[in-house]
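Notes to accompany the following structure.
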Amino acid sequence: MRYIEPHAHMVSRTTDDYERMAFAGCAAVCEPAFWAGFDRSSPAGFHDYFCQLTEHEPRRAAKFGLKHFSWLCINSKEAEDVQLAAEVIALIPQFLDRPNVLGIGEIGLNKNSRNELRVLEMQVELAAKYQQLILVHTPHLEDKLKGTRLILDVLKNDPRIRPERVIIDHVEEHTVAMVLDRGMWAGMTLYPETKCTPARAVDILEIYGHERLWLNSACDWGVSDPLAVPKTALEMKRRGHVAAAIDQVIFQNPQKFLRQSKNFKLPK
Amino acid sequence: MGWGDGPLLPLFGIGGPFYLPLPCNHSDVYFVHERMTRQQVLDLYFLDARHKLVELAAFLDRAERATGKDDFRLQAFRAALSKLAGKKKHKARAVLLAFSDPTAKPVAKAPGKGAVGAFNGK
Ligand SMILES: [Zn+2]
């Protein structure tokens, strides 16, 4: 089995996790910029984080034969302070030429506030200006439905944004259809308690088909599982999905989307 | 690495004992597999679903034994439970919608960072 982990926060994981992922068939891991679990106090903190994502983490992954890619942004949990967000966003262009950068993400909403929305618009502007792919985080739990609708409206309102270059992540049964209907990609996140379980993710694949959908673990510093994607592949196999269909979902689909970035290259 | 149609290795502690060799018609359109029959779904998932239902019942017993009042979460929980009965399709979506904020306008200020799982409509 081969797979791509398209959403993982490896700065929060141990080298043992890298080893286990490589052992399970992971070919590449993609790391969106995220909240550290605490608020950074200055733009300099983000500068160091972007260096970590574009310099240090690829080296750590390479020790296990894994390609590491990253996405850059200020996340929605730190977007209530618009001034700080503007200063962080101003730092990002200098990193966009780095060889492992795929685009702007994971931008989005958390509590669906006006300031979060403002910062989302600023980052959509950044992505449009620099012709970057976009990876979107949708809010948690009770906030997901409303947040997904607000995000889709922002993206629809910018004619420069091509839907096939946007992935809306953390979809569930109540949001997946509206994302796919807009021509965007949808990511299903496999978490032990929130978001999707492997069984529910496979239900969604069986209902909506295999086009423009991918699976990710979004493993981070919280309760999460870096092997959630290969475990869901086993769930597909358990239900009788054939090897080619599994390969499409866990390898070819993320590869197809991510190849829209010139930086996404896998070793032959 | 190859990923054949052979028996599953018992990786990650799951697999072998639960594996159902299902008929697959992948001669031309390989990604459309035959759906499991209802019998196969029951064989694969019934015990797990039964276990989760008993846990739900025990949670309600626990909450109702405890002193104090319901809050919006328990009210949303009961509303979501009502979506399980009957033959209407898309029950998972209906449950998720029962817990969701149905409003459309952004809030003036983020009231913290976390979500609790149910909309507090007050
Ligand atoms: Zn994430």
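The values are calculated or read from the model by the stated rules, or taken from the named source; none is laboratory data. Because the structure is predicted, anything quoted here is derived from the model rather than measured. As a convention, Cβ positions derive from the backbone with ideal geometry for all residues, glycine included, and neighbour counts pool all protein chains shown. For the accessible areas, the whole protein counts, side chains as well, though only heavy atoms, and no ligand, DNA or RNA atoms are used. Shrake-Rupley method; radii C 1.70, N 1.55, O 1.52, S 1.80 Å.
There is no residue in the range A:254-268 that is within 11 Å of chain B (Cβ to nearest Cβ), out of contact with any helix residue (DSSP H, G or I) (no Cβ under 7 Å at 6 or more places or on another chain) and open to solvent by 10 Å² or more (accessible area, probe 1.4 Å).
Applying the condition of being open to solvent by less than 40 Å² (accessible area, probe 1.4 Å) and within 16 Å of the ligand (Cβ to nearest atom) to the range A:47-58 and asking which residue is nearest to the other protein chains (Cβ to nearest Cβ) yields A:Y49. Of the set (1) open to solvent by 10 Å² or more (accessible area, probe 1.4 Å); (2) modelled with pLDDT of 95 or more; (3) facing another protein chain (nearest Cβ under 10 Å), all apply to A:Y208 but (3). Pairs linking a residue in the range A:94-106 that is more than 7 Å from A:L72 (Cβ to Cβ) and in contact (Cβ under 8 Å) with a residue 40 or more places away in the chain to a residue that is among the acidic types (D, E) and within 16 Å of the ligand (Cβ to nearest atom), with Cβ atoms under 7 Å and 6 or more positions apart or on different chains, are A:E106/A:D169.
Of the residues making up the range A:242-266, those that are in a helix (DSSP H, G or I) and free of Cβ contacts under 8 Å to residues at least 12 places away in the same chain are A:A243, A:A244, A:Q252, A:K256. Listed conditions (1) open to solvent by 70 Å² or more (accessible area, probe 1.4 Å); (2) modelled with pLDDT under 95; (3) not β-branched (V, I, T) are all met by B:R65, apart from (2). Looking across the range A:158-188, the residues that are within 16 Å of the ligand (Cβ to nearest atom) and more than 14 Å from every other protein chain (Cβ to nearest Cβ) come down to A:V166, A:I167, A:I168, A:D169, A:W185, A:A186, A:G187. Residue by residue through the range B:77-103, note down the ones that are facing chain A (nearest Cβ under 7 Å) and among the small types (G, A, S). Result: B:A92, B:S100.
Residue count for the range A:115-128 under the criterion of being open to solvent by 10 Å² or more (accessible area, probe 1.4 Å) and closer than 16 Å to A:P32 by Cβ: the result is 1.
Does the range A:234-254 contain any residue that is touching a Cys at 6+ places or on another chain (Cβ under 9 Å) and closer than 30 Å to B:G114 by Cβ? Within the range A:234-254, one or more residues are touching a Cys at 6+ places or on another chain (Cβ under 9 Å) and closer than 30 Å to B:G114 by Cβ. Cβ-Cβ distances below 7 Å connect the following pairs, each with a first residue in the range B:103-117 that is at positive phi, a second residue that is open to solvent by less than 70 Å² (accessible area, probe 1.4 Å), and a separation of six or more residues or different chains: B:G117/A:L141; B:G117/A:E142; B:G117/B:F99. Of all the residues in the range A:129-153, those that are surrounded by fewer than 19 Cβ atoms within 10 Å (Cβ to Cβ) and assigned to a helix (DSSP H, G or I) number 3.
Look through the range A:22-37, keep the residues that are within 14 Å of chain B (Cβ to nearest Cβ) and within 16 Å of the ligand (Cβ to nearest atom), and return whichever of them is nearest to A:L133 (Cα to Cα).
A:F34
One residue is enough: does the range A:237-250 have a residue meeting the conditions within 16 Å of the ligand (Cβ to nearest atom), within 14 Å of chain B (Cβ to nearest Cβ) and acidic (D, E)?
Residues of the range A:237-250 within 16 Å of the ligand (Cβ to nearest atom): none.
No, the range A:237-250 has no match at all.
From A:R165, A:R200, grab the single residue that is farther than 24 Å from B:K52 by Cα and open to solvent by 30 Å² or more (accessible area, probe 1.4 Å). Steps first, answer last, please.
On the way: A:R200 fails: farther than 24 Å from B:K52 by Cα.
Testing whether each residue is farther than 24 Å from B:K52 by Cα and open to solvent by 30 Å² or more (accessible area, probe 1.4 Å) leaves just A:R165.
Residues are listed down the side, and each one gets a yes or a no for (1) surrounded by 16 or more Cβ atoms within 10 Å (Cβ to Cβ); (2) of a type in the set (A, V, I, L, M, F, W, C):
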{"site": "B:A76", "(1), (2)": "yes, yes"}
{"site": "B:K83", "(1), (2)": "yes, no"}
{"site": "B:G86", "(1), (2)": "no, no"}
{"site": "B:H90", "(1), (2)": "no, no"}
{"site": "B:V95", "(1), (2)": "yes, yes"}
{"site": "B:D101", "(1), (2)": "yes, no"}
{"site": "B:G112", "(1), (2)": "no, no"}
{"site": "B:A115", "(1), (2)": "yes, yes"}
{"site": "B:A118", "(1), (2)": "yes, yes"}
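Looking only at residues of the range A:5-20 that are more than 16 Å from the ligand (Cβ to nearest atom) and crowded, with 17+ Cβ neighbours inside 10 Å, we find that the one that is nearest to the other protein chains (Cβ to nearest Cβ) is A:R20. In the range A:135-147, is there at least one residue being more than 12 Å from chain B (Cβ to nearest Cβ), of a type outside the set (D, E) and in contact (Cβ under 8 Å) with a residue 40 or more places away in the chain? There is at least one residue in the range A:135-147 that is more than 12 Å from chain B (Cβ to nearest Cβ), of a type outside the set (D, E) and in contact (Cβ under 8 Å) with a residue 40 or more places away in the chain.
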